Amino acid sequence: MSVTISENPGAARYGRASIALHWLMLIVIAAIYACMELSENFPKGSDLRVGLKNWHFMLGLSVLMLVAVRMVLRLSSATPPIQPAPPRWQVVPSRLMLVALYALMIGMPLLGWLTLSAEGQAIPFFFVQLPALVNESKSVAKWAKDLHETGAGIGYFLIGMHAAAALFHHYFVRDNTLRRMLPY
């Protein structure tokens, strides 16, 4: 007897791979923010600051790879319905939040890569150096860095709102929004 493992074995929850990717990405994104915040506590040029920045770059580029896998899973699997169904007025903001989070997970790593490229810096990705996206350009570097930093601030807001909405649905609305993505 053979067993087929489906990405979405039941209509009540996301599939195991989607759930694992969701929580893995939370951990990676939290680590990215931690590296960014912690690096500011050390002197410029210090080994610890440089190391934290390199981890920030590598983890950020990892998000780009993970989100690609996540998008394939999302497009190839059914989304389990929220039960009971939310009011219609909640559907559009929910979809806009989803689009904003995906834009953040795609845009932020690309902007970081673009910034490093335009600054003429190496683009570390674990055991390889990635190619530059553009030639050195101070104006492009400044623009990309400013946009990247603005996006980081927006990311705090989006991630916070996403978590707050999940908790609101779980504890106040009492629907299955959060349970669909829990690992158990």
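Would the stretch 106-118 turn up any residue that is out of contact with any helix residue (DSSP H, G or I) (no Cβ under 9 Å at 6 or more places or on another chain), among the hydrophobic types (A, V, I, L, M, F, W, C) and surrounded by 12 or more Cβ atoms within 10 Å (Cβ to Cβ)?
No, that holds for no residue.
Determine, yes or no, whether L21 is part of a helix (DSSP H, G or I), at pLDDT below 95 and within 19 Å of R180 (Cβ to Cβ).
No; evaluated as a whole, the condition is false for this residue.
Please pick out the residue among W113, W89, W55 that is modelled with pLDDT under 95 and of a type in the set (F, W, Y).
W89
Could you run through the stretch 120-152 and say how many residues are surrounded by 13 or more Cβ atoms within 10 Å (Cβ to Cβ), touching a residue at least 24 places away in the same chain (Cβ under 8 Å) and within 15 Å of G60 (Cβ to Cβ)?
10
Restricting the stretch 96-133 to residues that are outside any loop (DSSP other than H, G, I, E, B) and aromatic (F, W, Y), which is nearest to the chain's Cα centre (by Cα)? Reasoning before the result, please.
Just the residues of the stretch 96-133 that are outside any loop (DSSP other than H, G, I, E, B), to begin with: 96-119, 123-125, 128-130.
Cutting the leftovers down to aromatic (F, W, Y) gives us 102, 113, 125.
On the way: Y102: 7, W113: 15, F125: 17 Å.
Filtering the stretch 96-133 for residues that are outside any loop (DSSP other than H, G, I, E, B) and aromatic (F, W, Y), the one nearest to the chain's Cα centre (by Cα) comes out as Y102.
Cβ-Cβ below 7 Å, separation at least six or inter-chain, first residue in the stretch 70-94 and among the hydrophobic types (A, V, I, L, M, F, W, C), second outside any helix (DSSP H, G or I): which pairs?
Qualifying pairs under 7 Å: L73/E7; A78/N8; I82/D175; I82/N176; I82/T177.
Would you confirm whether any residue within the stretch 78-95 is touching a helix residue (DSSP H, G or I) at 6+ places or on another chain (Cβ under 7 Å), among the aromatic types (F, W, Y) and assigned to a helix (DSSP H, G or I)?
No, the stretch 78-95 contains no residue that is touching a helix residue (DSSP H, G or I) at 6+ places or on another chain (Cβ under 7 Å), among the aromatic types (F, W, Y) and assigned to a helix (DSSP H, G or I).
Looking at the stretch 153-169, which of its residues are closer than 18 Å to M36 by Cα and without any contact (Cβ under 8 Å) to a residue 40 or more places away in the chain?
G153, F157, G160
Is the stretch 172-181 home to any residue that is on the phi < 0 side of the Ramachandran plot, in a helix (DSSP H, G or I) and loosely packed, with under 15 Cβ neighbours inside 10 Å? Spell out how you get there, then give the answer.
Narrowing the stretch 172-181 to residues on the phi < 0 side of the Ramachandran plot: 172-173, 175-181.
Narrowing further to those that are in a helix (DSSP H, G or I): 172-173, 179-181.
Filter again for loosely packed, with under 15 Cβ neighbours inside 10 Å, leaving 172.
So far as the stretch 172-181 goes, yes, one or more of its residues are on the phi < 0 side of the Ramachandran plot, in a helix (DSSP H, G or I) and loosely packed, with under 15 Cβ neighbours inside 10 Å.
If you check M97, M71, which single one turns out to be closer than 23 Å to A164 by Cβ and either surrounded by 13 or more Cβ atoms within 10 Å (Cβ to Cβ) or among the polar types (S, T, N, Q) (or both)?
One residue alone meets the criteria, M97.
The values are calculated or read from the model by the stated rules, or taken from the named source; none is laboratory data. Remember, predicted model here, so these are calculated numbers, not experimental data. Because the Cβ atoms are built from the backbone with ideal geometry, glycine has one as well, and the counts that use them run over all protein chains shown.
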